[in-house]
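J.: Below are the structure tokens for one structure; questions will follow.
Please treat every number below as a calculation from the coordinates, not as lab data. Treat the numbers as computed from the prediction; the structure is a model and nothing was measured. Neighbour counts are summed over all protein chains in view; Cβ atoms, including those assigned to glycine, are modelled from backbone coordinates with ideal geometry.
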Amino acid sequence: MRQPAQLNDPAENEPAGPSGGRSSLLGPADVRRLATELGVRPTKQLGQNFVIDPNTIRRIVAAARLSPDDVVVEVGPGLGSLTLGLLDAARRVVAVELDAKLAAALPGTIAERAPELAANFELVHADALRLKELPGPPPTALVANLPYNVAVPVLLTMLERFPSLRRVLIMVQAEVADRLAAEPGGRVYGVPSVKARWYAEVRRAGSIGRNVFWPAPHVESGLVALDRREPPRADVSRAEVFAVVDAAFAQRRKTLRAALGGWAGSPVRAEQFLRAAGVDPGARGESLGVTEYAAIAAARAAEESKESAS
């Protein structure tokens, strides 16, 4: 299998961004100076690890495959390292920041280091998990160094609430990246793997070493790319499919007939729905893709519709 590209060599020279590099990217000294001026100490609670290498920022922006027409939403911009790079590549960047100190300082950093592009930037001081709407035109891309402790909930929430998002590139803990990109039957394939595929095609897009962060995390990081597509079925809702997924993985060692007994009402009913969906009742949850889970949910909905009509 082709290995993801490594993104952990800060010494390698990289070209400027698509717009000619009108932003002045932050280096290690800049990040530490800004943090000192703000009295900010990165906290594990908020999952804060700031990227200090401009070449890594350029590579992430290039991997996002942004167009000059894209409206990008960035969750957790921190001190603005990635934000500055995104402004060089997109029409507009909306940054969603929870930390009050960082949120207050970011507009000034953008105005100082990207004055020509400052009008294309907007800050939203909010928790991304509670976000219901964004100012301005609908976002077309999500690009972010997501806080590792809430990466999967944030990703799934943004995909659910903003259907205009067509492309996603997120930096997460390497283990989480592997889970999101895992295929059915894989050792780390699980709930995040299935749910992400309800919305999009998912792939690993690179690996990032610890030395490009401050403070350096205790784990490796990875990039995950998602390309939005239509859900596998139109006759069943996301909530119905996700309920099947949650039930199937709640007891990984059990067969689907047993694991879905509570969801279906009984193991006998679970087997009925599984056979109607063309799924072996003796299979286990980690062997199924999102299409099969959607078929199981649809089989239950169809059977219950018949029962209510009779």
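J.: What's the extension gain from residue 246 to residue 37 if we count 0.36 nm per residue and subtract their Cα-Cα distance?
T.: Going from the current span to full extension adds 70.7 nm.
J.: On to the next question. Counting other Cβ atoms within 10 Å, which GluC sites (Glu not before Pro) in the range 97-162 have at most 12 and lie in a DSSP loop?
T.: 133
J.: Follow-up. Under a 10 Å cutoff between Cα atoms, tell me which one of 253, 210, 22 has the largest fluctuation in the Gaussian network model of the chain.
T.: 253
J.: So which GluC sites (Glu not before Pro) in the range 201-310 pass both tests, a DSSP loop state and at most 15 other Cβ atoms within 10 Å of the Cβ?
T.: Passing both the DSSP loop test and the Cβ count: 220.
J.: Under a GNM of the chain (C-alpha, springs under 10 Å), which listed residue has the highest mean-square fluctuation: 92, 269, 204?
T.: 269
J.: Where a ≥ b ≥ c are the square roots of the eigenvalues of the C-alpha gyration tensor, would you call the range 196-256 rounded, which needs a/c under 1.5, or, failing that, prolate if a/b is larger than b/c, or oblate?
T.: oblate
J.: Let me ask another. Between the range 180-244 and the range 99-169, what's the alpha-carbon centroid distance in Å?
T.: One Cα centre to the other: 19 Å.
J.: Another question, if that's okay. For the chain, what is the relative contact order in percent, using Cα pairs closer than 8 Å and at least 6 residues apart in sequence?
T.: Normalised by residue count, the contact order of the chain is 15 percent.
J.: Given the options 64, 100, 90, state which has the largest fluctuation in a GNM of the chain using a 10 Å cut-off (strictly under) for Cα springs.
T.: 100
J.: Give the shape of the range 212-310 as rounded, prolate or oblate, defined through the alpha-carbon gyration tensor: a ≥ b ≥ c are the square roots of its eigenvalues, a/c under 1.5 means rounded, and otherwise the shape is prolate if a/b is larger than b/c and oblate if not. Mind showing how you got there, number by number?
T.: On the way: a/c = 3.02, a/b = 1.90, b/c = 1.59.
Note, shape of the range 212-310 comes out prolate.
J.: Let me ask something else about it. Please work out whether the range 48-131 counts as rounded, prolate or oblate from its C-alpha gyration tensor, where a ≥ b ≥ c are the square roots of the eigenvalues and a/c under 1.5 means rounded, while otherwise a/b larger than b/c means prolate and anything else oblate? Show your work: numbers first, answer last.
T.: On the way: a/c = 1.34, a/b = 1.30, b/c = 1.03.
Here the range 48-131 falls in the rounded category.
J.: Please list, or write none, the aspartates and glutamates whose alpha carbon is within less than 16 Å of the alpha carbon of residue 195, excluding same-chain residues fewer than 8 places away.
T.: Here the aspartates and glutamates satisfying the reach criterion relative to residue 195 are 160, 178, 183, 227, 230, 240, 246, 286, 292.
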